[in-house]
Amino acid sequence: MTRLLVIVPCRDEGVVIERRLANLAWSAWPAALQPHRVLVVDDGSMDETSRLAQAAGARVFDPALVQYETLSNTTAPGKSGAVRTALARAASECDVVVLTDADVVHDAKALVELAQAFECDAKLALACAAQTFVEKLPADGRVGSSLVDAGQPFDHATAWVRACESRAGVLWSLHGQLCAWRASLRLAPSLGVAADDLDLVGQVRARATGPCAVRVVGAARFFEVKSSGPVAAGQALRRARAYFQAMQRRAPEAGGPLRQTQAWAYRTLPGWAPLAPRVLQVGLCALAALWGGFMAALACATVLSLCAAIPACRYWLELLRTIARARQLERRSSLSDRWSMQRT
């Protein structure tokens, strides 16, 4: 029997917080000897997040199943501080801590599947649900079959990589929008680190003893609206900056050569990735020049320029430009973990 502590850190989430709580109340919960805990932590919202959360929590949760409470962040401004406030309040009373964002919803059995993963695997320290991007979420938080997949190529590629790494026991990053860990490990996101999910994985992967496995629980699913336009661009830049920040502060790896090589690759290769198109262009043109002279090189350069106008190529080139800009900005100043997202 697993008692859960579900933490929902919030800042200006008045548009989505009622949906998130309705989704939690609608979900199935694992069997437990005592009621589960749900804590919404308000991180200095300027809207009505706290009032709406308090009213919605009192309305939707059955006190016999879930003890609900709305708190104000008292530790430090930012998401990490909000999570720490909740952990100090109730982590010692529960078996598994679940951290979730206010703008996502999960399927009916996600919490049960996460709890069962920890019950069935004594080595499991940290886990997350599988992510699906959609065009729109139901206002009542009840997930049905009408959701439309809105994931882009990068989303599908990273999901495949995570699934492979999870099966191999070398998962490098997980979805912080819905993740969980054993309360007995006393994990807590580091203050000042924007990518709390990467930070938590780093803490676990640095452990040499005790539960230290990290994986994706594929049977647990959560859903997130795919943003577009300037909002999506801003989110992508922030996530890329948060990645570089986390890599600078991540603890040294424990484990053998495979894990050490993986750590080197993730720390090093993303920073060099934006150079790949230029290196490829120069290399192909050089080969063309060796094979057919100047005209062949010119033709090769022309074809490559035309390829850059193809939507699929333009998508990946824009992603690489975002990575380059994020690395440059993070070198100038460190990203704050204080967040405020535009919701619709």
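The values are calculated or read from the model by the stated rules, or taken from the named source; none is laboratory data. This is a predicted model, so every value here is computed, not measured. A quick note on method: Cβ atoms are made from the backbone with ideal geometry, for glycine too, and the neighbour counts reach across all protein chains shown.
Residues in the stretch 208-242 that are in a strand (DSSP E or B), of a type in the set (A, V, I, L, M, F, W, C) and closer than 25 Å to residue 253 by Cα: 213, 214, 216, 217.
In the set 91, 122, 115, 76, only one residue is aliphatic (A, V, I, L, M), in contact (Cβ under 8 Å) with a residue 60 or more places away in the chain and in contact with a Phe, Trp or Tyr (Cβ under 9 Å, 6 or more places away or on another chain); that residue is 115. Put simply, of 202, 151 the only residue that is surrounded by 16 or more Cβ atoms within 10 Å (Cβ to Cβ), in contact with a Phe, Trp or Tyr (Cβ under 9 Å, 6 or more places away or on another chain) and not in a strand (DSSP E or B) is 151.
Per-residue answers, yes or no, for (1) part of a helix (DSSP H, G or I); (2) acidic (Asp, Glu); (3) within 21 Å of the chain's Cα centre (by Cα); (4) buried (at least 16 other Cβ atoms within 10 Å of the Cβ):
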| site | (1), (2), (3), (4) |
| --- | --- |
| 283 | yes, no, no, no |
| 300 | yes, no, no, yes |
| 309 | no, no, no, no |
| 313 | yes, no, no, no |
| 330 | yes, yes, yes, yes |
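Looking at this structure, is residue 240 among the aliphatic types (A, V, I, L, M) and more than 28 Å from residue 28 (Cα to Cα)? Yes. Selection of the stretch 43-89 for residues being part of a helix (DSSP H, G or I) and more than 23 Å from the chain's Cα centre (by Cα) yields 50, 51, 52, 54, 55, 56, 57, 58, 59, 60, 89. Scanning the stretch 214-225 for residues that are of a type in the set (A, V, I, L, M) and buried (at least 19 other Cβ atoms within 10 Å of the Cβ) yields 214, 216, 217, 220. Counting the residues of the stretch 97-156 that are among the charged types (D, E, K, R) and within 17 Å of residue 3 (Cα to Cα) gives 4. Could you tell me whether the stretch 28-42 includes any residue that is in contact with a helix residue (DSSP H, G or I) (Cβ under 6 Å, 6 or more places away or on another chain), small (Gly, Ala, Ser) and either over 30 Å from residue 122 (Cβ atoms) or assigned to a helix (DSSP H, G or I) (or both)? Taking every residue of the stretch 28-42 in turn, none turns out to be in contact with a helix residue (DSSP H, G or I) (Cβ under 6 Å, 6 or more places away or on another chain), small (Gly, Ala, Ser) and either over 30 Å from residue 122 (Cβ atoms) or assigned to a helix (DSSP H, G or I) (or both).
Here's the yes/no breakdown for (1) without any contact (Cβ under 8 Å) to a residue 60 or more places away in the chain; (2) among the aliphatic types (A, V, I, L, M); (3) farther than 18 Å from residue 111 by Cβ:
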site: 136; (1), (2), (3): no, no, yes
site: 139; (1), (2), (3): no, yes, yes
site: 142; (1), (2), (3): no, no, no
site: 150; (1), (2), (3): no, yes, yes
site: 160; (1), (2), (3): yes, no, yes
site: 166; (1), (2), (3): yes, no, yes
site: 175; (1), (2), (3): yes, no, no
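With respect to being of a type in the set (Ser, Thr, Tyr) and more than 22 Å from the chain's Cα centre (by Cα), residue 132 falls outside the description.
The C-beta contact set for the stretch 303-322 (first residue of a type in the set (Phe, Trp, Tyr), second residue at pLDDT below 90, distance under 9 angstrom, 6+ apart or interchain) comprises 316/277.
None of 241, 167 is charged (D, E, K, R), crowded, with 20+ Cβ neighbours inside 10 Å and farther than 17 Å from residue 118 by Cβ except 241.
Do we have any residue at all in the stretch 170-179 that's closer than 23 Å to residue 5 by Cβ and not in a loop (DSSP other than H, G, I, E, B)? Checking the stretch 170-179: at least one residue is closer than 23 Å to residue 5 by Cβ and not in a loop (DSSP other than H, G, I, E, B). Every condition in (1) loosely packed, with under 13 Cβ neighbours inside 10 Å; (2) under 30 Å from residue 150 (Cβ atoms); (3) in contact (Cβ under 8 Å) with a residue 12 or more places away in the chain holds for residue 258 except the one numbered (2).
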